[in-house]
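The structure appears right after this line, and notes come after that.
The values are calculated or read from the model by the stated rules, or taken from the named source; none is laboratory data. Because the structure is a prediction, the values reported are computed rather than measured. We place every Cβ from the backbone using ideal geometry, glycine too, and count neighbours over all the protein chains shown.
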Amino acid sequence: MEPTRFLGPSLALSAILFTLGVAGVLLRRNAIILFMCVELMLNAVNLTFVALAQVYGVEGWVMVFFVMTVAAAEAAVGLAIILAIFRHRQSVDLANINLLQG
Amino acid sequence: MESVVFYIFATAAVLGGVMCILQRSPVASALWLMSTMFSLAALYVLLGAELIGAFQVLVYVGAVLVLFLFVVMLLNLGQRSNDLRGPSGIAAALVIAGLLGIELLAVWRYTPSRLAAEVAQGPAMLDASAAFPAGQAMRQAAAHNVVQSVAEPLFRTYLIPFEITSVLLLAALVGAVVLAKRRI
Amino acid sequence: MTLFQETAAAAPAPGAIGLAWLLLALPMAGFVINGALSIWRPRAKGAVSVVGPAVLIASFAVAVAIVLQLWQASPEAPYILRLWTWLPVDTLRIEFALQIDQLAAVMMLVITGVGSLIHIFSVGYMRTDDGYARYFAYLNLFVAFMLVLVLGSSMPVMFIGWEGVGLCSYLLIGFWFNDKANADAGKKAFIVNRIGDVGFLVAMFATWQVAGTLDFAGVTAWASAHPELAGSGVITAITLFMFLGCTGKSAQIPLYVWLPDAMAGPTPVSALIHAATMVTAGVYLVVRTSVLFSMAPLTSTVVAGIGALTALFAATIGLRQYDIKKVLAYSTVSQLGYMFLGVGTGAYAAGVFHLVTHAFFKALLFLGAGSVIHAMHHAYHATHSHDDAQDMRNMGGLRRAMPWTFALMGIATLAIAGFPGLSGFFSKDEILAGAFARGGEQPIYYLFYGMGLLAALLTAFYMARLMTMTFLGPNRTGEAERAHLHEAPWIMIGPLVVLGILSLVGGAINLPPLVGGGAGLEHWLEPVTAPAARFFRLEEPHGSTELFLVGAAVAIGLLGLAWGYLASSRRAIVPAREAAPETGFWRAVYHKYYVDELYDAVIVRPLLWISRVLLWGVVDKGLVDGAAVNGSARLSRGLGWIGSRLQTGQVGVYVVLFLVGALWVLRVVVG
């Protein structure tokens, strides 16, 4: 078994998935799908970590744990925010949400 | 044989990602994303990170995506509604995503030796060959058992970030409850 | 605090010399006490009368002790007392240090001695003034700064004193600041002095650049080690800039204009600051850095030329002034010119000698004038007259009312006119002899000698005129006022008597060999002037030449006195309010050759025009206010408008912008 496998293809796949996530964020207005796309991007980064952990060592895996934790926390809080917004506006369409405007 | 399996799962992951961002129904999107997560878990195993693969299934598929599905159902967003942006928005999105993809895909040809050569040109790294003994993670994992090899850095080098992460999770827990409850 | 860690001389500073810091500390303490009194107890005139002169007398006692010590030790090198390190910056390390040597000894004796007498006089003169405590606070502060000036061991420390006395001069000229003319005179003195100070500063910078040290001892050592630089451009430039500073502080052409106006201050101030001490700082500086000046023959010639020209020019103006203090002011400018003629000639000891004797007789003249003004003022005050108490046309015949003042001012007049045997005779004669002797090498000094001799004639003339108009002839003060004219109290006459004695016998400190003297001051100053003497040594005339020079000086002085007396006593003088305006040439002289008007037209008005039109109109209003201030406001408002357009609140827009930025960063980093 060769020690380091699929480094280039893994990184390329990660790039494709990340780009898909970005495209999704840009294309969709549904807040929940936006969050899914963010999760997709985080997974792409995780893939990079795992692929490069073959070269650099298990620290890459440790980083994946951190990313997963943060992603879980982010999903929990983000979805809670969406729930709260939905109660007010009966919509999760970003076009209707401009609370950020000062 | 392994590369065939790799490319099958890679194709499945990309397909899942594409369908995820194109499906109108959030439920369908979530399910396609789930297929991507599963494919990635398989790829992790192929890359020698069985533990990560297991956590991928447990955390992402088992927790995060289920949470998504719960919210979708809670909000009764199951019906199909067109939430794509307008033509100009789509064009801008495609251009930006395309440029990003082109830039990121430059990593396609990466091998450990090329990586080592490039890093060696950087200022910080002195001895590239010593820095990149190939197959680090698996060698470490083989030397101890897998969990121990991960736990070692996590509870020694990264102890403080680890503790901070647990505080973050607690904050997220409290925050989610506060935000989601109608009345406390 | 260790007051002196080390001294430059091998021997440690003996006894009293180690107490030199007291010289500064005592007047400074007086300033603090009197200043506090002037703020919180302005009516406590008794305490001020004690503290003000007492600190000076104590300081004088310390000075005497130091000089006696110095007399016994007679060191070749100066004692340096390092008090603390003031500016340690890289290789520039400026100690706040005092330098005690023979020149500083002479200066501190004059400053504290004459200063004490003037302080005592002031007790009588200023007693009735509301700002009595403030006056003494300023006067004490002045003495402290003046001592810093003469004791500072390096140019920056000296510069503290240099600026400090300028400040005190400004404060005291404008002492009665309720009158705008007085405040203006103070400002004029301050600003004109600043012009000269720039020269001093430039000289200091240049010295640091080439010599790498600012200590006087270090500069002297450096100059002595580089004899090849004698006559070089850099030394000439340094000394010329230094002399520019001297012209400001010591009221020489072209910066003399402030001194006559400075007479707006109280008369004892004029005596102390604007006759005896501060204005001689320039002469002191030249002597202190004499090694540099003797290395620059061109500068020395300029110094002597300016000095001779000023002596003559100011003397001519003095011929036609009616304000008693203005006459004395121009006389001071003229006598300072003599001193510069002396030091420019290379006769440094003669310059210092004249500085000392001038301090005696000019302080006496000013205090005498103060006594006269005091009497006149009281007389006019008693009858509520608004006539000018300083105009000599309103005086006349005062010898009957004030015999003491008359006699003492008479001594001073004879001294300044060069009457044989009096102090001024010896010092002035020595300067003129020096100029004549140098004429043998550089013929232009014969011209300077001639100018000096002519100025001596005019000096005798205007002094005789002053005495005649003030004390002789019929009284013109007025019928009612005449009865109120009286002699000043003893506290004012006492200092006059001491100064009168000094004016009489002051020449004894440097009697020439011709009359059997030992040229004491000259030998005393030899350690200071020796480095300069290595580059240039003035051969003083002897024998028949010396006799001829002395004879000429005596003859000229007596001629001037006689002419002045005859010219003034024969003319019928009318009181100021009835006097007709001057005509012809005398009109120009009376108006000081319109130099102030000339400066106003050539320098002040163009400067104001440039400031108002160019700097204020174009640069300040146009560029600074318009472009910079309002422009930046418009720019930030415009940028803010763009930013606010971007803040749509739409997350999608933010994401797009964020991604565009990320792409750009990626482009740059990955390249």
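Within the stretch B:57-74, residues that are closer than 15 Å to A:Ala73 by Cα have Cβ atoms under 9 Å from residues that are of a type in the set (D, E, K, R) and in a helix (DSSP H, G or I) in these pairs: B:Tyr60/A:Glu39; B:Val64/A:Glu39; B:Leu65/A:Glu39; B:Phe68/A:Glu39, counting only partners at least 6 apart in sequence or on another chain. The set of residues in the stretch B:1-25 that are hydrophobic (A, V, I, L, M, F, W, C) and within 7 Å of another protein chain (Cβ to nearest Cβ) comprises B:Phe6, B:Ala10, B:Ala13, B:Val14, B:Val18, B:Cys20, B:Ile21.
Could you identify the single residue in C:Ala314, C:Ala407 that is surrounded by 24 or more Cβ atoms within 10 Å (Cβ to Cβ) and either part of a helix (DSSP H, G or I) or at pLDDT 90 or above (or both)?
Testing whether each residue is surrounded by 24 or more Cβ atoms within 10 Å (Cβ to Cβ) and either part of a helix (DSSP H, G or I) or at pLDDT 90 or above (or both) leaves just C:Ala314.
Taking residues in the stretch A:65-93 that are without any contact (Cβ under 8 Å) to a residue 40 or more places away in the chain, and partners anywhere that are outside any helix (DSSP H, G or I) and hydroxyl-bearing (Ser, Thr, Tyr), the pairs with Cβ atoms closer than 8 Å and at least 6 places apart or on different chains are A:Phe66/B:Tyr158.
Among the residues of the stretch C:71-80, is there at least one that is crowded, with 18+ Cβ neighbours inside 10 Å, at negative phi and in a helix (DSSP H, G or I)?
No - not one qualifying residue is present in the stretch C:71-80.
Please indicate, with yes or no, whether at least one residue in the stretch C:71-84 is acidic (Asp, Glu) and under 26 Å from C:Val279 (Cβ atoms). The answer is no, given that none of the residues of the stretch C:71-84 is acidic (Asp, Glu) and under 26 Å from C:Val279 (Cβ atoms).
Restricted to the stretch C:167-183, and to residues there that are exposed (fewer than 15 other Cβ atoms within 10 Å of the Cβ) and in a helix (DSSP H, G or I), the residue that is nearest to the chain's Cα centre (by Cα) is C:Ala181. Scanning the stretch A:66-97 for residues that are within 7 Å of chain B (Cβ to nearest Cβ) and either among the basic types (Lys, Arg) or more than 23 Å from B:Leu69 (Cβ to Cβ) (or both) yields a count of 1. Cβ-Cβ distances below 6 Å connect the following pairs, each with a first residue in the stretch C:512-529 that is assigned by TED's automatic domain parsing to the domain that holds C:Gly424, a second residue that is aromatic (Phe, Trp, Tyr), and a separation of six or more residues or different chains: C:Leu521/C:Phe353; C:Thr529/C:Tyr348.
Before we move on, is C:Pro581 touching a helix residue (DSSP H, G or I) at 6+ places or on another chain (Cβ under 6 Å) and assigned to a loop (DSSP other than H, G, I, E, B)? Judged against the criteria, C:Pro581 is not a match. For the stretch C:36-74, enumerate the residues that are under 27 Å from C:Leu103 (Cβ atoms) and over 28 Å from the mean Cα position of the chain (by Cα). Scanning the stretch C:36-74 gives C:Gln69, C:Gln72, C:Ala73, C:Ser74.
Taken over the stretch B:27-36, the criterion of being more than 7 Å from chain A (Cβ to nearest Cβ) and either over 28 Å from A:Asn30 (Cβ atoms) or aliphatic (A, V, I, L, M) (or both) is satisfied by B:Val27, B:Ala28, B:Leu31, B:Met34.
Pairs are defined by a Cβ separation below 6 Å, a sequence spacing of at least 6 or placement on different chains, a first member in the stretch C:221-248 that is within 18 Å of C:Met155 (Cα to Cα) and in a helix (DSSP H, G or I), and a second member that is at pLDDT 90 or above and among the hydroxyl-bearing types (Ser, Thr, Tyr); the pairs so defined are C:Thr236/C:Thr299; C:Ile238/C:Thr207; C:Thr239/C:Thr299; C:Leu240/C:Thr299.
To keep it simple, each residue is scored yes or no on (1) away from every other protein chain (no Cβ under 14 Å); (2) among the charged types (D, E, K, R); (3) free of Cβ contacts under 8 Å to residues at least 60 places away in the same chain.
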{"site": "C:Ser568", "(1), (2), (3)": "yes, no, no"}
{"site": "C:Glu578", "(1), (2), (3)": "yes, yes, yes"}
{"site": "C:Phe585", "(1), (2), (3)": "yes, no, yes"}
{"site": "C:Ala601", "(1), (2), (3)": "yes, no, yes"}
{"site": "C:Arg605", "(1), (2), (3)": "yes, yes, yes"}
{"site": "C:Arg637", "(1), (2), (3)": "yes, yes, yes"}
{"site": "C:Val651", "(1), (2), (3)": "no, no, yes"}
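Residues that are surrounded by fewer than 18 Cβ atoms within 10 Å (Cβ to Cβ), basic (Lys, Arg) and at pLDDT 85 or above occur at least once in the stretch B:155-171. Take C:Ser74 and decide whether it is among the small types (Gly, Ala, Ser) and closer than 24 Å to C:Ile160 by Cα. Considered against the rule, which asks whether it is among the small types (Gly, Ala, Ser) and closer than 24 Å to C:Ile160 by Cα, C:Ser74 comes out as no.
Quick check on the stretch C:134-143. Is at least one of its residues crowded, with 23+ Cβ neighbours inside 10 Å and part of a strand (DSSP E or B)? Within the stretch C:134-143, none of the residues are crowded, with 23+ Cβ neighbours inside 10 Å and part of a strand (DSSP E or B).
Scanning the stretch B:1-44 for residues that are surrounded by fewer than 17 Cβ atoms within 10 Å (Cβ to Cβ) and either outside the structural domain of B:Val71 (by TED's automatic domain parsing) or farther than 28 Å from B:Val71 by Cα (or both) yields B:Met1, B:Glu2, B:Ser3, B:Val4, B:Val5, B:Tyr7, B:Ile8, B:Thr11. Taking the stretch C:439-451 as the range and being modelled with pLDDT of 90 or more and either under 17 Å from C:Ala350 (Cβ atoms) or not assigned by TED's automatic domain parsing to the domain that holds C:Ala311 (or both) as the test, the residues that pass are C:Tyr445, C:Phe448, C:Tyr449, C:Met451.
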